[in-house]
Amino acid sequence: MRLSDALYVFSKIVSYITLFAIISYIFLVSFIPVIGAFALKWEFSILPEVWTLNNIKFLLEDPFVLRSLYSSLLIASITSVVSVTIYLLVIMFLFLRERSRWMHTFVEVSVLIPLMLPAILIALAIYEVYRPTMLGGTYWILVFAHLTIVSPYVFRNLYSVARMIDMKTLIEAARSLGAGVFTATYRVILPNIYHGLIGAMLLAFAVSFGDFEMANLLAPWQYRTVTIAIFQYFFKNAWNASAIILLVIIVSVLTSFLVAYLSRKAIARYVEVVR
Amino acid sequence: MVSPNTKSFLIDVLLVSPFLLLLVFFIAIPFAVSIYYSLTSGSSSSFTLSNFIQIYSSPSYLNSIQNSVVISLESAALSTLFGALLAYAFTLLSPTVRDIIRSVLLLPIIYPGLVIAFSLVILLGTSGILTNILAKYFGFYLPDVFNVRSYGGLILAYQSFLIGFTSITLSGVFLSLDKSLIEASRSLGAGVFQTIFRVVLPVIAPGLLAAFIQAFIIAISGYGTALALVGGGGNLITLRIIMLLSDVTYEPHLASALAMNIAMITIPLALIYNRLLKKVAGGVV
């Protein structure tokens with residue numbers, strides 16, 4: 001066996017072992033709370049020693065948890081719908097006719113700003129600026145903060161779909177056939193980017209639903225979110241908190257698999273159109 | 001009658017204004033305000049560097065900056081290494097398996113960081129399940145050698161979502177790596193190591209750097225994982241900022257100045273990242 005062959009086999013083995021170890025680690029940390037949500041006593045064995053449904057009952061009965069669930073659902077839904085609308089409009093703007101290169105670059109770079117700045121810095125500044133205004137004390141202050149952190153995810157998703165379906169040509173074709181901008185959007189663009197749109201909405205929903213860093217500072221007292229509830233309950237009763245975590249995990253799992261499925265669908269559709 | 005030019009101009013304005021309003025009111029103005037806050041103190045509105053002087057003359061604040069930078073560098077280096085190995089493994093797998101593994105890797109990215117922290121405490125904490133099992137059946141008490149509620153545990157927790165980012169960014173690089181380049185180099189008589197260092201590395205270097213920067217920025221600017229895992233016991237910039245914003249001590253000016261220290265590191269890095277991203281296909285964001 002030559003040295004290069006041995007090295008090739010060695011690198012293959014190392015990468016497979018790494019892959020296996022990392023996937024197991026991610027599975028372990030992701031799903032421990034799922035089992036924990038059904039545990040009453042779990043100390044010395046692989047699975048809980050005593051199982052129970054009390055944690056789920058706690059989840060459905062505790063007024064604070066229910067209230068936080070309502071707040072999170074409300075805030076995440078508004079964030080996802082509003083953010084997808086805003087970025088769909090700006091992408092329509094970019095592709096409506098020939099735009100200069102710098103306009104594309106400007107939008108691309110500015111949606112990345114929330115990634116460059118720590119969430120705590122944006123949250124602190126939003127708190128200081130908007131607390132005295134009519135936004136202060138309402139959940140809208142958190143919605144607007146979330147609109148900034150979801151923007152990279154929403155924009156990149158929609159933008160790549162828009163480029164893939166060649167949105168510019170589609171709009172031009174529809175308009176040269178006599179459709180107005182609104183008809184072209186409604187009848188031609190929306191059906192074509194449907195999968196990308198839903199994917200972006202789900203991602204925005206999950207990011208907003210799972211946010212703790214901004215909510216911790218910005219959420220008004222009566223709109224404390226699910227992640228704040230997890231934080232407050234964890235050191236009181238880890239298994240009760242696991243039941244709340246279970247909810248967040250369900251949202252994340254559904255989102256990540258649906259997003260993957262939808263992006264495959266979008267690509268499949270694109271391939272079909274090209275053929 | 002509105003002229004076609006005016007009409008198309010109005011449509012442009014309608015389409016672009018929600019985005020511009022969001023950008024101005026919730027990113028530009030807040031950022032300007034935090035710069036202003038960091039350069040003023042609560043008592044007077046005149047500009048002063050006193051916040052920064054206070055930070056740079058305090059060993060404890062300097063220590064928090066150092067801790068944050070070191071931990072983020074270590075987390076980023078580890079996750080880039082693992083991400084590269086994973087991206088290499090992706091090239092050996094069929095597209096279907098690759099897609100499934102990718103969606104598993106996406107999971108912790110959209111989890112709140114504190115969930116990962118709590119899972120690790122449940123598993124490896126002082127009375128964690130794995131700790132108990134190891135102690136009971138193997139007589140080995142894990143916290144003696146590795147305390148999960150420490151900086152080491154934080155790096156471990158960060159890996160769960162940083163690897164998702166780095167491996168997905170790098171898999172684009174590895175998948176687009178032209179196999180014929182390697183074959184050409186080999187057939188022209190280059191050795192294995194020569195091929196790796198002279199042919200493969202220069203091609204994937206921008207991707208590796210992009211993944212490293214991305215992981216570093218995420219690690220240094222987050223605080224949810226650190227708050228849940230290390231809590232008040234840790235001395236990190238973000239934790240110090242949170243402490244300055246509690247009900248007892250509310251000092252937004254000093255907190256803004258501390259946050260500016262993170263921004264001064266992350267903004268130039270993000271600009272480099274954006275440059276690199278043009279050379280690299282793919283990535284989560």
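The values are calculated or read from the model by the stated rules, or taken from the named source; none is laboratory data. Nothing here was measured: the structure is a model prediction, and the numbers come from that model. Don't worry about glycine lacking a Cβ; one is built from the backbone with ideal geometry, like all the others, and counts go over all protein chains shown.
Does the stretch A:87-103 contain any residue that is outside any helix (DSSP H, G or I) and within 9 Å of chain B (Cβ to nearest Cβ)?
yes
Out of the residues in the stretch A:233-247 that are of a type in the set (A, V, I, L, M) and over 15 Å from residue A:43 (Cα atoms), which is farthest from the other protein chains (Cβ to nearest Cβ)?
Within the stretch A:233-247, the match that is farthest from the other protein chains (Cβ to nearest Cβ) is A:243.
Residue-by-condition table, conditions (1) surrounded by fewer than 18 Cβ atoms within 10 Å (Cβ to Cβ); (2) acidic (Asp, Glu); (3) in the same structural domain as residue A:264 (by TED's automatic domain parsing):
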| site | (1), (2), (3) |
| --- | --- |
| A:124 | no, no, yes |
| A:131 | yes, no, yes |
| A:148 | no, no, yes |
| A:166 | yes, yes, yes |
| A:186 | yes, no, yes |
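The rows are residues; the columns are (1) more than 11 Å from chain A (Cβ to nearest Cβ); (2) touching a Lys or Arg at 6+ places or on another chain (Cβ under 6 Å); (3) exposed (fewer than 13 other Cβ atoms within 10 Å of the Cβ).
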{"position": "B:136", "(1), (2), (3)": "no, no, yes"}
{"position": "B:150", "(1), (2), (3)": "yes, no, no"}
{"position": "B:156", "(1), (2), (3)": "no, no, no"}
{"position": "B:160", "(1), (2), (3)": "no, no, no"}
{"position": "B:164", "(1), (2), (3)": "no, no, no"}
{"position": "B:172", "(1), (2), (3)": "yes, no, no"}
{"position": "B:175", "(1), (2), (3)": "yes, no, no"}
{"position": "B:193", "(1), (2), (3)": "no, no, yes"}
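Select from the stretch A:22-56 the residues that are out of contact with any helix residue (DSSP H, G or I) (no Cβ under 9 Å at 6 or more places or on another chain) and either part of a helix (DSSP H, G or I) or of a type in the set (A, V, I, L, M) (or both) and list them in ascending order.
Correct list: A:24, A:50, A:53.
Would you confirm, using the coordinates I've provided, whether residue B:96 is farther than 25 Å from residue A:255 by Cβ, at pLDDT below 90 and surrounded by fewer than 21 Cβ atoms within 10 Å (Cβ to Cβ)?
The answer is no for residue B:96.
If you scan the stretch A:124-149, which residues turn out to be under 24 Å from residue B:247 (Cβ atoms) and within 9 Å of another protein chain (Cβ to nearest Cβ)?
A:124, A:125, A:126, A:127, A:128, A:129, A:130, A:144, A:145
Just to be sure, is residue A:109 within 11 Å of chain B (Cβ to nearest Cβ) and either in contact (Cβ under 8 Å) with a residue 40 or more places away in the chain or over 20 Å from the mean Cα position of the chain (by Cα) (or both)?
no
Condition first: free of Cβ contacts under 8 Å to residues at least 12 places away in the same chain and part of a helix (DSSP H, G or I). Now tell me which residues in the stretch A:175-210 satisfy that.
Keep residues of the stretch A:175-210 that are free of Cβ contacts under 8 Å to residues at least 12 places away in the same chain, which gives A:175-180, A:182-183, A:186, A:190-191, A:194.
Those that are free of Cβ contacts under 8 Å to residues at least 12 places away in the same chain and part of a helix (DSSP H, G or I): A:175, A:176, A:182, A:183, A:186, A:190, A:191, A:194.
Filter the stretch A:250-262 for residues that are more than 7 Å from every other protein chain (Cβ to nearest Cβ) and surrounded by fewer than 23 Cβ atoms within 10 Å (Cβ to Cβ); which is modelled with the highest pLDDT?
The selected residue is A:250.
Please enumerate the residues belonging to the stretch A:3-37 that are of a type in the set (Gly, Ala, Ser) and either farther than 22 Å from residue B:115 by Cα or surrounded by 14 or more Cβ atoms within 10 Å (Cβ to Cβ) (or both). Give the derivation first.
Applying the first criterion (of a type in the set (Gly, Ala, Ser)) to the stretch A:3-37 yields A:4, A:6, A:11, A:15, A:21, A:24, A:30, A:36-37.
Residues satisfying the conditions are A:4, A:6, A:11, A:15, A:30, A:36, A:37.
Here's a check for you: in the stretch A:125-174, which residue that is touching a Lys or Arg at 6+ places or on another chain (Cβ under 9 Å) and assigned to a helix (DSSP H, G or I) is nearest to residue A:267 (Cα to Cα)?
Step one: list which residues in the stretch A:125-174 are touching a Lys or Arg at 6+ places or on another chain (Cβ under 9 Å), which gives A:137, A:141, A:162, A:165, A:168, A:171-172, A:174.
After this cut, where a residue has to be assigned to a helix (DSSP H, G or I) as well, the list is A:141, A:162, A:168, A:171-172, A:174.
Working: A:141: 36, A:162: 12, A:168: 18, A:171: 20, A:172: 22, A:174: 22 Å.
Filtering the stretch A:125-174 for residues that are touching a Lys or Arg at 6+ places or on another chain (Cβ under 9 Å) and assigned to a helix (DSSP H, G or I), the one nearest to residue A:267 (Cα to Cα) comes out as A:162.
Within the stretch B:60-77, identify whether any single residue is over 30 Å from residue A:92 (Cβ atoms) and within 11 Å of another protein chain (Cβ to nearest Cβ), and answer yes or no.
Within the stretch B:60-77 (the criterion being over 30 Å from residue A:92 (Cβ atoms) and within 11 Å of another protein chain (Cβ to nearest Cβ)), the answer is yes, since at least one residue qualifies.
Only residues that are of a type outside the set (A, V, I, L, M), more than 7 Å from chain B (Cβ to nearest Cβ) and within 30 Å of residue B:90 (Cβ to Cβ): list them for the stretch A:14-66, please.
A:20, A:24, A:27, A:31
If we scan the stretch B:240-251, do we find a residue that is acidic (Asp, Glu) and without any contact (Cβ under 8 Å) to a residue 24 or more places away in the chain?
Within the stretch B:240-251 (the criterion being acidic (Asp, Glu) and without any contact (Cβ under 8 Å) to a residue 24 or more places away in the chain), the answer is yes, since at least one residue qualifies.
It is to be established whether one or more residues within the stretch B:79-100 are part of a helix (DSSP H, G or I), more than 9 Å from every other protein chain (Cβ to nearest Cβ) and among the aromatic types (Phe, Trp, Tyr).
So far as the stretch B:79-100 goes, no, none of its residues is part of a helix (DSSP H, G or I), more than 9 Å from every other protein chain (Cβ to nearest Cβ) and among the aromatic types (Phe, Trp, Tyr).
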